[in-house]
């Protein structure tokens with residue numbers, strides 16, 4: 001069986017890595033239909049996600065990654081040096097791999113791999129997750145053979161190109177426990193809640209700050225924990241980078257709490273293999289508005305309160321949130337309006353209105369495109 005060499009690259013965050021993994025798994029599923037055996041390698045920075053890449057049978061080739069900030073910073077100079085230093089290694093490594101096609105999710109760290117692919121005349125295919133395209137994808141679009149986008153609003157930013165709206169690939173592992181939960185006669189949401197040690201009969205709010213966590217969301221939760229836990233149980237992704245300091249603050253803040261009170265709040269550094277269970281457990285999700293998070297919420301049909309990151313590049317999270325809210329699947333609250341009583345009252349209104357939550361859930365499911373990874377994988381295999 002012929003080996004099919006495919007180079008994968010991206011910015012190194014969960015929003016880049018997890019969709020790449022979803023496409024990689026779909027490539028393997030469809031490969032037999034094309035009588036090929038995929039040889040998949042990820043070139044770039046993976047930050048904390050190298051383990052996920054390797055566990056999914058993708059060879060990891062680490063490359064120095066640079067990020068260009070849209071404001072003056074000495075770090076831009078340092079990252080420019082990293083960017084330039086990455087070229088000799090990429091020229092050597094890609095020459096000996098010589099893939100038939102390069103697939104990029106964009107983001108810092110991907111541009112060097114794309115430019116070297118272009119140098120070797122390797123076809124480049126890209127996917128843009130956000131409603132407002134990032135700088136890397138804007139640059140690489142001019143010589144890409146195909147552009148996939150998650151939001152139709154991104155199309156005008158790519159002039160006269162072969163563009164297709166497919167949504168954002170969502171990793172299969174999120175759905176891994178669904179079958180086992182459905183085997184028992186008990187409601188799957190109740191089972192998932194029990195797995196976290198939560199009361200299956202009381203409402204649950206899931207708080208997600210993205211794969212890295214969100215300091216301002218964390219501070220808001222900690223400062224208003226007593227108000228929030230009066231009416232809700234809380235599941236919270238605090239972020240791996242913030243976790244140790246957050247845990248110390250939590251222990252100090254709740255030193256006089258009873259165990260019953262503390263058990264109404266569960267926080268983790270990161271929901272990985274149990275993110276699916278956390279989403280099933282939730283009646284409502286408070287989340288940043290990265291494309292990855294939005295499409296995962298949509299995949300599980302979870303109503304959401306979105307808090308876009310103000311500093312996101314080009315303000316893309318605000319635009320993501322606005323477009324998603326227009327479907328009826330979410331409401332949007334700006335970071336400056338994160339006030340304890342205001343948010344608690346808004347959450348209470350939503351939880352007390354099952355009919356509205358059902359409409360939001362249906363809108364989320366309608367927004368989701370379950371075949372995103374399949375469409376991209378089929379195109380890559382067909383193109384080659």
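Considering the stretch 127-182, the residues that are at pLDDT below 90, part of a loop (DSSP other than H, G, I, E, B) and touching a strand residue (DSSP E or B) at 6+ places or on another chain (Cβ under 8 Å) include one that is surrounded by the most Cβ atoms within 10 Å (Cβ to Cβ), namely 134. When the stretch 253-295 is filtered for residues that are touching a strand residue (DSSP E or B) at 6+ places or on another chain (Cβ under 7 Å) and assigned to a helix (DSSP H, G or I), the ones remaining, listed by number, are 278, 279, 281, 293.
Can you pull out the residues in the stretch 296-332 that are part of a loop (DSSP other than H, G, I, E, B) and in contact with a strand residue (DSSP E or B) (Cβ under 6 Å, 6 or more places away or on another chain)? First the steps, then the outcome.
Taking the stretch 296-332 first, the residues part of a loop (DSSP other than H, G, I, E, B) are 300-303, 307-312, 327-329.
302, 303, listed by residue number.
Within the option set 40, 20, being at pLDDT 95 or above, over 20 Å from residue 88 (Cα atoms) and not in a strand (DSSP E or B) holds for one residue only, 20. Within the stretch 344-352, can one find any residue that is crowded, with 23+ Cβ neighbours inside 10 Å and either touching a helix residue (DSSP H, G or I) at 6+ places or on another chain (Cβ under 8 Å) or over 28 Å from residue 24 (Cα atoms) (or both)? So far as the stretch 344-352 goes, no, none of its residues is crowded, with 23+ Cβ neighbours inside 10 Å and either touching a helix residue (DSSP H, G or I) at 6+ places or on another chain (Cβ under 8 Å) or over 28 Å from residue 24 (Cα atoms) (or both).
Considering each residue of the stretch 264-276 in turn, at least one proves to be at pLDDT below 85, under 30 Å from residue 53 (Cα atoms) and assigned by TED's automatic domain parsing to the domain that holds residue 287.
Could you tell me whether residue 89 is assigned by TED's automatic domain parsing to the domain that holds residue 141, surrounded by 15 or more Cβ atoms within 10 Å (Cβ to Cβ) and at pLDDT below 95? Answer is yes for this residue.
Restricting attention to the stretch 45-64, the residues that are within 20 Å of the chain's Cα centre (by Cα), part of a loop (DSSP other than H, G, I, E, B) and crowded, with 18+ Cβ neighbours inside 10 Å total 5. Scanning the stretch 19-35 for residues that are out of contact with any helix residue (DSSP H, G or I) (no Cβ under 6 Å at 6 or more places or on another chain) and closer than 19 Å to residue 128 by Cβ returns 19, 20, 21, 24. Taking the condition in contact with a helix residue (DSSP H, G or I) (Cβ under 9 Å, 6 or more places away or on another chain) and closer than 12 Å to residue 110 by Cβ, does residue 14 pass? No. Considering the stretch 246-265, the residues that are under 14 Å from residue 194 (Cα atoms) and in contact with a helix residue (DSSP H, G or I) (Cβ under 9 Å, 6 or more places away or on another chain) include one that is surrounded by the fewest Cβ atoms within 10 Å (Cβ to Cβ), namely 264. Among all positions in the stretch 99-107, there is no residue which is closer than 29 Å to residue 301 by Cβ and surrounded by fewer than 19 Cβ atoms within 10 Å (Cβ to Cβ).
Residues in the stretch 185-216 that are modelled with pLDDT of 90 or more, part of a helix (DSSP H, G or I) and within 22 Å of the chain's Cα centre (by Cα): 192 only.
The values are calculated or read from the model by the stated rules, or taken from the named source; none is laboratory data. A quick note: this is a predicted structure, and the numbers were derived from the prediction, not measured. Counting neighbours? That spans all protein chains shown, and the Cβs are built from the backbone with ideal geometry, glycine included.
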